[in-house]
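Trainee: So that we are looking at the same thing, I have put the structure below in structure tokens.
The values are calculated or read from the model by the stated rules, or taken from the named source; none is laboratory data. Only a predicted model underlies this, so the values are computations on that prediction, with no experimental measurement involved. All Cβ positions, glycine included, derive from the backbone under ideal geometry; neighbour counts span all protein chains shown.
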Amino acid sequence: MREAITVRNLGYRYPDGSKALEDVNMDVYEGERIVIVGPNGAGKTTLMLHLNGILRSTEGGEIELFGKSLEKMKREEIVKEVGMVFQDPDDQLFMPTLFDDIAFGPINLGLKEEEVRERVEKAISIFGLSGYEDRPPHHLSFGEKKKASLAAVMAMEPRILILDEPTANLDPWSRVELIGMINELNAREGITMVIATHDVNAIPELSDRIYALNRTIIEKGTPREIFFDGELLKQNNLDVPDVFKLFEVLRAFGVRCEELPLSLDEAVTGLTKMIETEGGHIHLHVHEHTHEELGKWKRKYEHHS
Amino acid sequence: MIEYPEIDRYSSLDSPMHRFDPRAKIIAFSVLIFALVLLYDLKLAFIGLLGSILFLIASKLPFRFVFQHITWVSLFIVPFLVIMPLTVKGEEFFSFYAIRMTREGLEYGMLVALRALSAVILVLPMIATTRFDLTIKALDRLKVPTMLVQMLMFSYRYIFVFAVEFQRTWRAMAARGFTLKMNLYALRTVGKALGTLFVRSYERGDRVYNALRSRGYTGNPRTLVEFRMHARDYILAALIIGFAGSLHIISFVRVI
């Protein structure tokens, strides 16, 4: 598979001299969904700002996009390849109306007016924002602003999409809707995604692989590999999905669950399989080790409570 | 939910002023405003005020909205009516101990008040009858320097964001028992809250600039908009500019 983003030995210091990133190495393949996890202040946003050339390394290192050095690429080339959706939509929606905002990027790409209008219309219809074209951003709800931010970036048709905390502050319905939209973009258009999030329950749905970052890359792997690494989670203030924890508890009550599910879909499949193999029902009981196992389970997540 | 002080709240109404092409509207009313503030004849300034009121009535803007906007500005006009008669030398028409008022001062005060009031009134049919983003785009099409247009554009976008942020800070202060009183402690606290808002604005400015650059901003944003001049726009613009010109022609003839 072709590499979309290659990061080698990247380092960065904030203007006050403190280290933000140190020897970061990453490989993101075309069409992959990568989630970056890490505690607050781990450098997630700083790393993302490097991926679209907004920040330049102060400590050496190199970034390549589709095999081409970012240093040698012009600003227009970079923005054409990499779209970034910022955490706060009010930072991103800076034009007076939604139409102007979505048109902003395509105009800067030097497209003809007709094509700009086509792209704006397409983005508006994909993200369900029809009828909002002339609205100023302060007349949109937070969820609508978030969708508008995504539409504004997607109108530039980038091959790589970077999302900083896409589900933060969204109500449950908007959150589910946005996760669906992100996954659809990846599945339908093959867009490579790099997502920073604290939303552990969304990670299994949003990621093919995870990079754990705490100034440097401390671990990488599939969601299953990362969520099973208890020590890693504990040392870096990371958490696991609720459904994963619930099935750990069920295990303590005697449920014979071979593979702990990371998402509700996996839970449904796993439960169905279990019930089918156990003669039409599952059996919960308190056995001699139940309390001991529950105590261990509790201690495992104590630092999170 | 915050109530935004939007100048274009009634831009969706239908009136001759609302239908007026934004570019022609800006030019015609700007000419009229300059013409009125440069008048030196009290009677002509009064006619100018009547004309301004007529244009305002033609805009069909609700009285309450107009009143809200004019009241605050009028507070700055009233002092001229008081100070001028007391300070300008001339024929006394009223005296009470050391207080002496002159006819010339009163006339000059009235002239200043009439000119200012006309200008303020005319701003409403000029700006409040068009969506503000279209006004900004019209300024851009009129080749107003891009730096000014961008300042206006971003101010318009972020003034509402800062209003919400300040309201949030204010509520947080009120939730912890702060009430605004005229004492040093209260003023110092408000000063600190405003300072925090400035720091936050600076940080937001940084983030917005990053967002701008990540979508290819190079310092000169363009927008797509179609303006089309119709015969009625030319007629209305000629009428307004003609009114402005005729006031000055009369003024010139009277001087001669």
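Trainee: If you go through the range B:176-204 one residue at a time, how many are within 14 Å of chain A (Cβ to nearest Cβ) and either surrounded by 13 or more Cβ atoms within 10 Å (Cβ to Cβ) or among the basic types (Lys, Arg) (or both)?
Mentor: Total satisfying the criteria: 3.
Trainee: Here are A:ALA4, A:ALA42: which of them is more than 23 Å from B:ARG215 (Cα to Cα) and not basic (Lys, Arg)?
Mentor: Unique residue meeting the criteria: A:ALA42.
Trainee: Those residues that are part of a helix (DSSP H, G or I) and not hydrophobic (A, V, I, L, M, F, W, C), I need them from the range B:221-256; list them, please.
Mentor: Once the filter is applied, which keeps residues that are part of a helix (DSSP H, G or I) and not hydrophobic (A, V, I, L, M, F, W, C), the range B:221-256 yields B:ARG232, B:ASP233, B:TYR234, B:GLY242, B:GLY245, B:SER246, B:HIS248, B:SER251, B:ARG254.
Trainee: Being assigned to a helix (DSSP H, G or I), farther than 20 Å from A:SER263 by Cα and among the acidic types (Asp, Glu) is the filter here; which residues of the range A:217-235 pass it?
Mentor: Within the range A:217-235, A:GLU231 is the sole residue that qualifies.
Trainee: Next up: Restricting attention to the range A:79-110, and to residues there that are modelled with pLDDT of 95 or more and β-branched (Val, Ile, Thr), which single residue is surrounded by the most Cβ atoms within 10 Å (Cβ to Cβ)?
Mentor: A:ILE102
Trainee: If you don't mind, there's one more thing I want to ask. For the range A:92-115, which positions are farther than 18 Å from B:VAL149 by Cβ and more than 7 Å from every other protein chain (Cβ to nearest Cβ)?
Mentor: Of everything in the range A:92-115, those that are farther than 18 Å from B:VAL149 by Cβ and more than 7 Å from every other protein chain (Cβ to nearest Cβ) turn out to be A:LEU93, A:LEU98, A:ILE102, A:PRO106, A:GLY110, A:LEU111, A:LYS112, A:GLU114, A:GLU115.
Trainee: While we're on this one: With B:VAL144, B:VAL73, B:VAL164 as the choices, which residue is hydrophobic (A, V, I, L, M, F, W, C), closer than 30 Å to A:HIS138 by Cβ and assigned to a loop (DSSP other than H, G, I, E, B)?
Mentor: None of the other options fit; the residue is B:VAL144.
Trainee: Another question about this same structure. Just one of (1) within 14 Å of chain A (Cβ to nearest Cβ); (2) among the hydrophobic types (A, V, I, L, M, F, W, C); (3) within 17 Å of the chain's Cα centre (by Cα); (4) buried (at least 16 other Cβ atoms within 10 Å of the Cβ) trips up B:PHE154, so point out which.
Mentor: Status for B:PHE154: all satisfied but (3).
Trainee: Related question: May I ask you to list the residues in the range B:212-256 that are of a type outside the set (Lys, Arg), within 9 Å of chain A (Cβ to nearest Cβ) and without any contact (Cβ under 8 Å) to a residue 40 or more places away in the chain?
Mentor: Correct list: B:LEU212, B:SER214, B:GLY216, B:TYR217, B:THR218, B:LEU224.
Trainee: Please count how many residues of the range A:158-172 are over 13 Å from the mean Cα position of the chain (by Cα) and either under 24 Å from B:ASN210 (Cα atoms) or in contact (Cβ under 8 Å) with a residue 24 or more places away in the chain (or both).
Mentor: 5
Trainee: Is the range A:208-228 home to any residue that is touching a helix residue (DSSP H, G or I) at 6+ places or on another chain (Cβ under 6 Å), surrounded by fewer than 19 Cβ atoms within 10 Å (Cβ to Cβ) and not acidic (Asp, Glu)?
Mentor: no
Trainee: With A:HIS281, A:HIS291 as the choices, which residue is touching a helix residue (DSSP H, G or I) at 6+ places or on another chain (Cβ under 8 Å), without any contact (Cβ under 8 Å) to a residue 12 or more places away in the chain and not hydrophobic (A, V, I, L, M, F, W, C)?
Mentor: Testing whether each residue is touching a helix residue (DSSP H, G or I) at 6+ places or on another chain (Cβ under 8 Å), without any contact (Cβ under 8 Å) to a residue 12 or more places away in the chain and not hydrophobic (A, V, I, L, M, F, W, C) leaves just A:HIS281.
Trainee: In this structure, is A:VAL286 assigned to a loop (DSSP other than H, G, I, E, B), at pLDDT 85 or above and farther than 27 Å from A:LYS44 by Cβ?
Mentor: So A:VAL286 passes the test.
Trainee: Okay, moving on. Given the conditions (1) closer than 27 Å to A:LYS147 by Cβ; (2) outside any loop (DSSP other than H, G, I, E, B); (3) aliphatic (A, V, I, L, M); (4) at pLDDT below 95, and given that A:LEU55 satisfies all but one, which numbered condition is not satisfied?
Mentor: Failing condition for A:LEU55: (2).
Trainee: Assuming A:TYR211 fulfils every condition listed in (1) closer than 23 Å to A:GLN87 by Cβ; (2) at pLDDT below 95; (3) not hydrophobic (A, V, I, L, M, F, W, C) apart from one, which condition is it?
Mentor: (2)
Trainee: Same structure again: Quick check: is even one residue across the range A:188-206 modelled with pLDDT of 90 or more, in a helix (DSSP H, G or I) and polar (S, T, N, Q)?
Mentor: No, that holds for no residue.
Trainee: Same structure, new question: In the range A:64-83, how many residues are touching a residue at least 40 places away in the same chain (Cβ under 8 Å), facing chain B (nearest Cβ under 9 Å) and among the charged types (D, E, K, R)?
Mentor: 1
Trainee: Okay, next question. Of the residues A:GLU114, A:GLU133, A:GLU118, which is touching a residue at least 24 places away in the same chain (Cβ under 8 Å) and more than 23 Å from A:SER207 (Cα to Cα)?
Mentor: Result: A:GLU133 is the single residue among A:GLU114, A:GLU133, A:GLU118 that is touching a residue at least 24 places away in the same chain (Cβ under 8 Å) and more than 23 Å from A:SER207 (Cα to Cα).
Trainee: Within the range A:11-57, restricting attention to residues that are among the basic types (Lys, Arg) and closer than 26 Å to A:GLY190 by Cα, which residue is surrounded by the fewest Cβ atoms within 10 Å (Cβ to Cβ)?
Mentor: Per the criteria, the residue is A:ARG33.
Trainee: Just one of A:VAL255, A:VAL249 is β-branched (Val, Ile, Thr) and either modelled with pLDDT of 90 or more or touching a His at 6+ places or on another chain (Cβ under 6 Å) (or both); which is it?
Mentor: Being β-branched (Val, Ile, Thr) and either modelled with pLDDT of 90 or more or touching a His at 6+ places or on another chain (Cβ under 6 Å) (or both) holds for just one of A:VAL255, A:VAL249, which is A:VAL249.
Trainee: Could you please give the count of residues in the range A:252-267 that are over 17 Å from A:TRP297 (Cα atoms) and of a type outside the set (Asp, Glu)?
Mentor: The qualifying residues number 3.
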